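Report on one structure; see the data block that follows.
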Amino acid sequence: MSVLVDHFDVFASGLWLTFQLCLLSAIGALILGTVAAVMRISPIPPLRWVGTAYVTVFRNCPLTIVWFFAAFGLPALGSNADFLRIPGLTSVFSRLGVDIPYFRFAIVALSVYTGAFVCEAIRSGINAVPTGQAEAARAIGLTFTQNLRHVVLPQAWKAAIVPLGSVIIAMIKNSALAGFFGLVGELSNSGVNLTSALGEPIIPVFIGVSIGFLIMTVPLGLLLDHLERRRAVAR
Amino acid sequence: MKDQQTVLYDAPGPRARRVTLIVSVIVVLAVVAGAYFLVYRPLDEQGQFSMDLWGPLIDPDNEVFSQVWARLRDGFVATLTAAALAIVSSLIFGTALAVLRIQLKALNKRKFSGLAAPAAIALRTLSWFLSIVSRFFVEIFRGLPVVITIFFVASALPELGVDLGDILWYLVIGLTLYNMVVIGEILRSGMEGLPGGQREAAEAMGLSSFQTTRMILLPQAFRIMLPALISQLVVVLKDTSLGFIISYEEVLRVSGQIIQALPEPNPIQVYAVVGAIYILVNYALSKLAEYVQRRLARGRKTAALPAEQPPAALAAEIEPAAKV
């Protein structure tokens with residue numbers, strides 16, 4: 001067990017990098033997913049097709065393949081995902097600005113993949129709003145965008161928060177794949193390194209990595225259970 | 001989905017139809033232009049569309065075409081084998097876990113008042129302890145990334161002296177550990193969601209607690225949760241691709257080998273084809289889940305009002321109109 005004490009800094013910095021990755025990807029996924037959800041319910045057919053195609057492709061494709069495309073496809077398109085070097089953000093999240101692009105690829109892969117699931121969670125929330133609400137809004141003359149902004153989305157948000165939470169938990173767990181796709185210093189990558197390069201015993205390292213992920217996922221899961229129970233009572 | 005969509009906006013008038021048409025055209029143009037300038041042009045400039053790269057995959061006359069596809073087929077067979085074994089064992093262990101947790105919950109309520117005080121206390125402590133342990137097991141394996149579980153199963157088991165020979169089994173164990181917990185929770189929530197009268201009626205008939213779970217609750221939970229179980233199948237199929245981390249020769253690993261073996265490496269083309277096959281299979285599975293869900297919903301309705309249900313052919317036409 002001494003590895004947990006001796007290499008505490010490795011685990012801590014791994015956890016911190018994983019946390020950054022998850023935070024940025026969650027923001028990206030929420031933006032992409034909301035846009036896709038609005039597209040999928042919009043009155044304009046081509047927008048709906050684009051949204052549906054996006055969701056179908058990324059929900060049914062293994063994350064591994066999405067990641068391969070982010071890591072091999074983006075360079076082939078001549079991009080190192082430099083569009084993620086957002087001026088203010090790079091000063092807070094230093095890994096965003098470095099020349100080795102794997103952190104940015106990881107964000108792209110995770111947010112694009114998770115965005116599809118976010119879209120479905122939001123849509124399930126929208127479907128949970130009683131149809132009378134939207135009908136009443138339409139009856140008083142609100143347009144499509146007003147209807148969404150003032151009536152449907154605020155209520156859909158409440159119904160969507162629990163499914164959204166499970167999507168984000170799944171995303172945190174998926175982020176462990178980053179370590180196997182060249183993101184050095186991430187939690188799972190540090191764990192693998194400790195066992196293979198430094199020859200540390202496997203089981204303590206496994207426990208350390210597990211604790212790192214459980215710190216992020218279990219409290220979030222408990223919070224969601226709590227929210228779900230409270231909603232069930234309120235109904 | 002459909003009904004919510006139609007109430008968000010009115011049936012379009014001439015003006016709205018014109019606006020929709022104009023915006024549609026603009027969107028289509030934007031998508032096509034984006035695809036051309038951002039995807040097609042850069043790829044074309046690098047010669048990614050040349051037949052040298054695509055030939056082995058799509059041209060039957062290519063000399064390596066049949067070899068490539070034979071390897072890909074082996075890879076898919078390996079993927080499906082792992083996925084099938086994992087889903088079957090997760091179903092078995094997941095059901096056992098769900099039954100165990102339901103039984104422990106029932107056991108926790110019992111006071112064992114017929115027994116002597118020390119024995120009763122010991123039994124109650126034991127059942128309390130077991131339910132804590134099972135809860136821990138569930139929370140831990142539900143909260144761990146599957147990649148980590150698979151990776152450490154594959155490296156820790158040999159270290160502990162358990163050598164399973166084939167890498168396949170490490171992958172199956174890793175996938176099972178995660179999915180049994182998920183399936184167990186799906187079934188447990190299905191059983192707990194059943195009307196309380198089911199259990200009470202079974203108990204009134206004199207069935208024991210285990211008999212009630214096995215004969216009354218579990219079959220109904222399976223039925224209600226069938227769509228969720230099929231969706232879990234999609235998840236397992238996708239997660240099987242993580243086998244490449246422990247160098248199990250599933251389709252992604254095989255693709256990597258193909259790419260390296262070809263005279264001109266073509267990762268983008270091979271992964272595109274493999275991804276497309278994955279998408280097709282999983283899309284079919286999720287459609288199946290939707291279909292089963294609809295069938296189940298219809299089944300419940302007929303059970304409630306047998307007389308008023310129109311013939312199935314009519315129902316399909318009536319339903320959308322009735323919902324608007």
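Once you reduce region B:73-99 and region B:226-298 to the center of their Cα atoms, the two points are 14 Å from each other.
Does chain B come out rounded, prolate or oblate by the C-alpha gyration tensor, with a ≥ b ≥ c the root eigenvalues, rounded set by a/c under 1.5 and, if not, prolate when a/b is larger than b/c and oblate if not? Before the final figure, lay out each step's value.
On the way: a/c = 2.74, a/b = 1.30, b/c = 2.10.
It is oblate, given that a/c is not under 1.5 and a/b is not larger than b/c.
So which residue, out of B:221, B:83, B:11, gets the largest mean-square fluctuation from a GNM of chain B using Cα contacts under 10 Å as springs? Among B:221, B:83, B:11, the largest GNM mean-square fluctuation belongs to B:11. Largest GNM mean-square fluctuation across B:177, B:252, B:194, computed for chain B with C-alpha springs under 10 Å, falls on B:194.
Can you sort B:93, A:8 by how many other beta carbons sit within 10 Å, fewest first? Kindly include the intermediate steps, with their values, before the conclusion.
Details: B:93 17, A:8 11.
With the sparsest Cβ surroundings first, the list reads A:8, B:93.
For chain B, modelled as a GNM whose springs connect Cα atoms under 10 angstrom apart, the maximal fluctuation among B:223, B:253, B:298 occurs at B:298.
Going by a ≥ b ≥ c, the root eigenvalues of the Cα gyration tensor, does the protein assembly as shown fall in the rounded group (a/c under 1.5), the prolate group (a/b larger than b/c) or the oblate group?
Details: a/c = 1.58, a/b = 1.08, b/c = 1.47.
The shape class here is oblate.
Scanning chain B for GluC sites (Glu not before Pro) lying in DSSP loops with no more than 14 further Cβ atoms inside 10 Å, the longest uninterrupted stretch between such sites is B:64-307. The simple Förster model, with R0 at 60 Å and r as the Cβ-Cβ distance, assigns residue B:122 and residue B:32 a FRET efficiency of 0.20.
With an 8 Å cut-off on Cα pairs and a minimum separation of 6 or more residues, tell me the relative contact order of chain A in percent. Walk me through the intermediate numbers first.
Values: 260 pairs, mean separation 65.8, N = 235.
Here the relative contact order equals 28 percent.
Run lengths n ≥ 4 of DSSP H only: what is the helix-derived mean residue ellipticity at 222 nm for chain B, with -39500 (n - 2.57) per run over all residues, to the nearest 500?
Numbers: 14 runs with 243 residues, N = 324.
Result for chain B, helices only: -25000 deg cm²/dmol.
Is the shape of region A:21-186 best called rounded, prolate or oblate, per the rule: a/c under 1.5 gives rounded, else a/b larger than b/c gives prolate, else oblate, with a ≥ b ≥ c the square roots of the Cα gyration tensor eigenvalues? Since a/c reaches 1.5 and a/b is larger than b/c, the shape of region A:21-186 is classed as prolate.
The value of relative contact order for chain B, using C-alpha pairs under 8 Å at least six residues apart, is 23 percent.
On a 0 to 90° scale, report how tilted helix A:153-174 is relative to the longest principal axis of chain A, with both axes built from alpha carbons and the result rounded to the nearest 10. Helix A:153-174 and the main axis of chain A meet at about 20 degrees.
Cross-chain or 8 or more residues apart, Cα under 20 Å: how many lysine pairs in the protein assembly as shown fit that? Count them up, please. Display every interim value, and only then the final one.
Details: A:173/B:238; B:2/B:287; B:2/B:301; B:2/B:323; B:238/B:287; B:301/B:323.
Step by step, the pairs that qualify in the protein assembly as shown add up to 6.
Calculated mean residue ellipticity at 222 nm for chain A: -24000 deg cm²/dmol, from DSSP H runs with n ≥ 4 weighted as -39500 (n - 2.57), summed, divided by the residue count and rounded to 500.
Here, each number is a calculation from the coordinates, and none is a lab measurement. Computed from a prediction, not measured in an experiment: that's the story for all the values here. Every residue, glycine among them, receives a Cβ derived from its backbone with ideal geometry; neighbour counts consider all protein chains shown.
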